[in-house]
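Comments concern the structure below.
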Amino acid sequence: MPKLGVNIDHVATIRQARRTVEPDPVWAASLAELGGADGITIHLREDRRHIQDRDVRVLRDTVQVKLNLEMATAEEIVRIAIQTKPHKVTLVPEKREEVTTEGGLDVIGNRDRIAEVVDRLHETGIEVALFIDPEESQIEVSRELGVSGVELHTGCYADAADEANKVRELLKLTEAGAVAIRAGLLLHLGHGLTYRNVVPVARINGVSELNIGHSIIARAVLVGLEPAVREMKRLIQ
Ligand code: PXP
């Protein structure tokens with residue numbers, strides 16, 4: 001059965017909209033754990049648009065399940081990871097202008113830098129996974145770099161315009177997943193997964209972890225809104 005990593009970046013996005021202290025992603029992590037999350041995922045972006053350095057430090061001390069830090073290979077961020085030592089780092093590509101991570105890492109094209117960062121993280125005792133597109137060549141180079149796992153990008157599956165494309169993308173993920181497992185890599189999947197599209201992906205053979213953010217936080221905002229309004233109404237009356 002796959003484990004669930006809950007990405008709580010959006011909680012920090014709401015906080016940063018007002019540069020205030022609420023909602024605190026640290027509280028969100030605790031609640032996600034109470035709900036059964038097997039891991040907490042955060043992305044420390046270079047532009048600090050949501051998760052802040054302080055969040056990484058406090059979550060490192062407070063999260064009781066696995067803390068998975070998504071990050072680019074930018075030197076400043078690598079240093080923070082080495083100092084704070086999350087359980088796991090998932091290396092992702094990052095562009096300032098993107099709304100969310102677009103596409104997987106090009107492990108082939110950026111092999112030297114990725115290899116250097118992987119080695120430095122390993123020396124500190126941090127487990128490393130690479131976020132890549134479901135392509136055999138990227139999986140093969142990931143294996144050569146000695147990482148423990150790959151997270152296959154499920155965005156094309158999630159965004160498929162029709163059923164035929166969805167089936168094709170699911171097959172691609174299934175086949176790439178089998179390649180990763182044969183290569184001895186842990187198979188993680190993530191990006192764009194929702195309550196509606198997650199089940200076929202969770203059934204892919206050998207998948208050990210799903211990382212889901214947007215859909216869970218979106219649902220949390222809606223299912224929590226009614227009691228939140230009731231509570232405020234009671235106070236002002
Ligand atoms: N996995 C990776 C590597 C990501 O970059 C993201 C988005 O931050 C996710 C999973 C979660 O994607 P979503 O928010 O679409 O569920």
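Phi angles of the stretch 135-150 translate, via the Karplus equation with coefficients 6.51, -1.76, 1.60 and θ = phi - 60°, into HN-Hα couplings of 10, 4, 5, 5, 5, 4, 5, 4, 4, 4, 7, x, 6, 7, x, 10 Hz per residue; Gly and Pro are given as x.
Once both labels are positioned 7 Å from their Cα atoms along Cα-to-Cβ, the gap between Arg111 and Val223 label points is 4.6 nm.
Other residues within the sphere of radius under 15 Å centred on the Cβ of Arg96, judged by their own Cβ, net out at -3 (K and R +1, D and E -1).
The label point for Ser137 and the one for Leu34, both projected 7 Å from the Cα toward the Cβ, are 4.9 nm apart. Each Lys or Arg adds one and each Asp or Glu subtracts one; over the other residues with Cβ under 15 Å from the Cβ of Ile216, this totals -1. Peptides 181-193, 148-160, 12-24, 224-236 ranked from most to least packed, by the mean per-residue count of other Cβ atoms within 10 Å: 148-160, 181-193, 12-24, 224-236. Against the main long axis of the alpha-carbon atoms of the chain, helix 75-84 sits at an angle near 70°. Remark: the chain projects, on average over all directions, an area of 13.6 nm² (convex hull of Cα atoms).
Using a 1.4 Å probe on the protein heavy atoms, what percent of the accessible area of the chain belongs to carbon and sulfur? Could the numbers behind the result be given before it?
On the way: 6730 of 12470 Å².
The C+S portion of the solvent-accessible surface of the chain is 54 percent.
Secondary-structure-derived ellipticity at 222 nm for the chain, considering helices only, amounts to -15000 deg cm²/dmol, per-run term -39500 (n - 2.57) for DSSP H runs with n ≥ 4.
Which FRET efficiency value, to the nearest 0.05, do you get for Ala202 and Gln237 by plugging their Cβ-Cβ distance into 1/(1 + (r/R0)^6) with R0 = 41 Å? Spell out each step's value before the answer.
Working: r = 45 Å, r/R0 = 1.09.
Calculated value: 0.35.
Report the charge-dipole magnitude of the stretch 91-237 in Debye, nearest 20, computed about the Cα centre from +1 at each Lys and Arg Cβ and -1 at each Asp and Glu Cβ. Provide the component values of the computation, followed by the final result.
On the way: 16 positive and 24 negative charges, 165 e Å.
With Lys and Arg at +1 and Asp and Glu at -1, about 800 debye.
Simple rule: put +1 on each Lys or Arg Cβ and -1 on each Asp or Glu Cβ in the chain, find the dipole, and look at Ala29, Val118, Ile139; the Cα lying farthest toward the positive end is Ala29. Taking every C-alpha pair closer than 8 Å and separated by at least 6 residues, the mean separation divided by the residue count of the chain gives a relative contact order of 17 percent.
Pull up the cross-link candidates among the lysines for Lys66, meaning alpha carbon to alpha carbon under 24 Å and not fewer than 8 places away within one chain. Those lysines meeting the cut-off are Lys3, Lys85, Lys88. Note on Lys3 and Asp159: with the Förster distance fixed at 25 Å, the Cβ-Cβ geometry gives a FRET efficiency of about 0.55. Against the chain, whose longest principal axis is taken from its Cα atoms, helix 111-123 shows a tilt of about 60°. Ordering 88-95, 194-201 by mean Cβ neighbour count within 10 Å, with the highest value first, yields 88-95, 194-201. When the GluC sites (Glu not before Pro) in the stretch 42-92 are filtered for DSSP coil states and for at most 15 other beta-carbon atoms within 10 Å of their beta-carbon, the remaining sites are Glu46. For the pair the stretch 44-73 and the stretch 182-224, the centres of their Cα atoms are 20 angstrom apart. Computed from backbone phi, the HN-Hα couplings of the stretch 26-31 come to 5, 5, 4, 4, 4, 5 Hz, rounded to whole numbers (Karplus: 6.51 cos²θ - 1.76 cosθ + 1.60, θ = phi - 60°; Gly and Pro given as x). What the phi angles of the stretch 170-184 give under the Karplus curve with 6.51, -1.76 and 1.60, with θ = phi - 60°, is a coupling list of 5, 5, 4, 5, 5, 5, 5, x, 5, 4, 4, 5, 4, 7, x Hz, glycine and proline written as x.
In the context of the full set of protein chains, the chain has a per residue accessible area of 53 Å² (1.4 Å probe).
The values are calculated or read from the model by the stated rules, or taken from the named source; none is laboratory data. Since the structure is predicted, the reported quantities are computational estimates derived from the model, not experimental observations. Counting neighbours? That spans all protein chains shown, and the Cβs are built from the backbone with ideal geometry, glycine included. Side chains included, ligands, DNA and RNA excluded: accessible areas come from the protein's heavy atoms. Shrake-Rupley method; radii C 1.70, N 1.55, O 1.52, S 1.80 Å.
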